[in-house]
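Data block below; observations after.
The values are calculated or read from the model by the stated rules, or taken from the named source; none is laboratory data. None of the values given here were measured: they were computed from a predicted structure. Methodologically, a virtual Cβ is constructed for each residue, glycine included, from the backbone with ideal geometry; neighbour enumeration extends over all protein chains shown.
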């Protein structure tokens, strides 16, 4: 290809001309839901102490939150097909803000169920955002750069994951103990709710250019049914890989503070949340940023995914071994290697699906339900054995991601007849 030609210059651009402002706004969404997820990880340990509940019961926070993704994923995909990306995103932002602001009355009601309801509403909003934003980034520029674009946007999700535990830990664990002990829970959600409304206003006011997914003859002829999607084995395996990856990530997030404070008893909850925010989530952001801007320029996305998954199998083995600070360092090091997994699996899974892209995206978002189920299993193992033994579960999950990066991503790239 002649790089000096107009076509050559256009293909070298990460984002098409005229799409830069929409790309920036869509990228801001990744930060917002990263922040919301980061706060969840702090709440898990906080409710264990406030309500004197077991690890398994506290994992119902993740069960309800990620269960919301599962229940809302298909309706969100249908919404995107009916009203388009922009209106779907605004709907998601309004649900997100509504759930966040409902945290305030929940601190007055002071029941576990009231907080779970707020988290469920937030999850429904986030499902709309993720169903729209993830595939939207892949069609705002040349197809060859789809994996790099989604990883670049997801690097800001990593920043949200950094800010969530830091701000959430500072505000939620700051209660003085002489007032409503639940009151501090509302503070980070009032902050994020306000930010979400501002972003929703910007989406409403700014005009978005229309985009079209790639089409091919098979896609154009399809009616866009689930049966059509089942013809693509690489998509089916992507759903499985995404389920297991999110299961592993959520399990690690949910019990990070538990593991660190049990492995190093001299550390407090707030100190452990700082390690999570600065150490773990800091590496998570660094991994996503370097993955999209550096490593994916020299290594194919699937190979990088496989190498990082192998590294995390090793890290989890060290965590299960319970070697004190060595295991704690291994635990927060997993975040660097987890960084590229979600967006890379997502991009590989929807590749070459043409007009089936939106429907496929809803199923890949639905796969986030792995985060609802696996923490319950890890919590149960921790209650009957040790917290360290619970981390065998994410070890197994990462092993499947290794397979997907090496082979599964290319299984039947062309539709099976």
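Points worth noting:
- Enumeration of residues in the stretch 37-64 that are surrounded by 24 or more Cβ atoms within 10 Å (Cβ to Cβ) and either part of a loop (DSSP other than H, G, I, E, B) or modelled with pLDDT of 85 or more (or both): 59
- Helices (runs of 4 or more DSSP H) within the stretch 314-417 that include 2 or more residues closer than 18 Å to residue 241 by Cα: 325-338, 341-350, 357-366, 370-384, 392-406
- Within the set 229, 286, 267, 323, the sole residue that is in contact (Cβ under 8 Å) with a residue 40 or more places away in the chain and over 26 Å from residue 407 (Cβ atoms) turns out to be 286.
- Residue pairs whose Cβ atoms lie under 6 Å apart, sitting 6 or more positions apart in sequence or on different chains, and linking a residue in the stretch 106-121 that is at negative phi and without any contact (Cβ under 8 Å) to a residue 12 or more places away in the chain to a partner that is crowded, with 19+ Cβ neighbours inside 10 Å and part of a helix (DSSP H, G or I), are 114/106.
- Neighbours by Cβ (under 6 Å, 6+ apart or cross-chain): first from the stretch 353-368, touching a residue at least 12 places away in the same chain (Cβ under 8 Å) and at positive phi; second surrounded by fewer than 24 Cβ atoms within 10 Å (Cβ to Cβ) and part of a helix (DSSP H, G or I): 354/219
- Scanning the stretch 72-91 for residues that are over 12 Å from residue 362 (Cα atoms) and buried (at least 21 other Cβ atoms within 10 Å of the Cβ) yields a count of 3.
- One residue from 82, 149 being over 22 Å from the mean Cα position of the chain (by Cα), in a helix (DSSP H, G or I), farther than 23 Å from residue 60 by Cα and at pLDDT 80 or above: 82
- The residues of the stretch 108-160 that are touching a helix residue (DSSP H, G or I) at 6+ places or on another chain (Cβ under 6 Å) and closer than 25 Å to residue 51 by Cβ, listed by number, are 114, 115, 116, 118, 119, 120, 121, 122, 123, 124, 126.
- Filtered by the rule that a residue be under 22 Å from the mean Cα position of the chain (by Cα), over 17 Å from residue 249 (Cβ atoms) and at pLDDT below 85, the stretch 372-417 gives 408, 409.
- Looking at 219, 277, 224, 287, just one residue is at pLDDT below 80, within 21 Å of residue 138 (Cα to Cα) and part of a helix (DSSP H, G or I), and that residue is 219.
- Residue 264 meets all of the listed conditions (1) at pLDDT 90 or above; (2) over 20 Å from the mean Cα position of the chain (by Cα); (3) crowded, with 20+ Cβ neighbours inside 10 Å but one, namely (3).
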